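Before any comments, here is the structure.
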Amino acid sequence: MPYLIQNDFKRAIQLGNLNQVIGSDYSIINSWLLAAQEKASSYLIQKYDTSNEFTETVKWIKSNPYKAANRVYLDAAVYNPALNYAIGDVCIYQNNFYTATSNSVGITFNPANWSTPIPQYTLYFGAYPNPPFDVYGYYNKGDRVFWKNNVYTATNPTAQTNDAYVLQYGTFNNIPLRNYFPDAPQQTQWSSGVAYIIPANIDITNTAYWTQGDNRGQQMVQTVINLVLYYAHSRISPTSVPEHIKTNYMESINWLKDACDGIITPNLSKVQPNRGNKIRFGGNIRNNNSY
């Protein structure tokens, strides 16, 4: 599943009950998941970067390279006593993820031959090499930022403004941005980008490259789960969806409406302005007169 993994549904439903609803066919959840993401985006897209939120959650494979912010979970085949394991091989034993630290013969599982256990389905995401670029931030010459899988170095500081400069534009959406986008053509604030990638064969416990945790907005995760479960139960009988499933669905819809109206502020990345130097929301500049 792109955004959610099977283990996420444990928050709201026992997996045995979910299997009964979907007939143990998790492939059909993908279409509901895409529908749920589209519905959430339709409420939030004007203010929040939903494409940055709805990224894939994939099984970690050590031999694959990754990008910063890529989200992975730990899973592998269950330990098989009939197999011989080599250094670097992985397995699941008693719901924990292990990496072989020595060549070992099967038969019985010997913890001495394996790494420190990590719970199965633990989430990690690729660490940023530098802080993500913020068009509203203040940068000094030499500061480094991460933007679209590249690292940029500031060759000039952020432009400074004062009240007189701001007031001449009348409204916030007319004020030019303080920073250029690092990949903007002919800009002179940033150096050429240097591509960043997490090399293959980096241990998941290497904190220079990986951060343990979930970089998804947790309220958004719960919202998408509620929407998917509502769609799943509606497939069986639209007129007999369990009451708690309908309640959770409506709570999620109301949360999306509140976020859209600005009543609440979800933990999501806000949309950065377009290159036309316009912001998506704001108002008139306040004129503080002194006498």
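All of the numbers you see were taken from the coordinates with simple rules; none came from a lab. Everything quoted here is computed from the prediction, not taken from an experiment. Neighbour counts run over all protein chains shown; Cβ positions are idealised from the backbone, glycine included.
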Give me the log10 of I(q) over I(0) for the range 194-260 at q = 0.11, 0.17, 0.21 Å⁻¹, as the Debye formula computes it from C-alpha points; what are the numbers? -0.49, -0.70, -0.84
Output ordering of 183-192, 144-153 (per-residue mean of other Cβ within 10 Å, highest first) is 144-153, 183-192
Quick check: pseudo-label points 7 Å beyond the Cα along Cα→Cβ at residue 254 and residue 42, how many nm apart are they? 2.0
Unit Cα scatterers, Debye sum, the range 25-147: log10 I(q)/I(0) for q = 0.11, 0.19 Å⁻¹: -0.62, -1.08
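Kindly flag which residue pairs out of 67/246; 148/246; 67/270; 10/59; 10/148; 67/141 have an alpha-carbon separation exceeding 28 Å in this structure.
Going by Cα-Cα distance, 67/246; 148/246; 10/148 fall outside the 28 Å limit.
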Could you give the length gained on full extension between residue 67 and residue 239, defined as 0.36 nm per residue of separation minus the Cα-Cα distance, in nm? 57.4 nm
With axes computed from alpha carbons, what is the tilt in degrees of helix 243-261 against the longest principal axis of the chain, rounded to the nearest 10 within 0 to 90? 20
To the nearest 10 degrees, how steep is helix 218-236 against the longest Cα principal axis of the chain, on a 0 to 90 scale? 60
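I'd like the FRET efficiency for residue 161 and residue 108, computed as 1/(1 + (r/R0)^6) with the beta carbon distance as r and R0 of 51 Å, rounded to 0.05.
Efficiency for this residue pair is about 0.15.
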PRE zone check, label point 7 Å out along Cα-to-Cβ of residue 264, amide N under 14 Å, scope the range 42-58, hits 44
Quote the relative contact order of the range 1-144 in percent (integer), defining contacts as alpha-carbon pairs under 8 Å separated by 6+ residues. 19
Inter-site label distance for residue 59 and residue 83 at 7 Å from Cα along Cβ, in nm: 1.0
Give the share of C-alpha pairs in each 10 angstrom bin for the chain, from 0 to the last occupied bin, in whole percents, shortest bins first. 5, 20, 24, 23, 16, 8, 2, 1, 0
Average Cα contact separation per residue, the chain, under 8 Å, 6 or more apart, as relative contact order %: 22
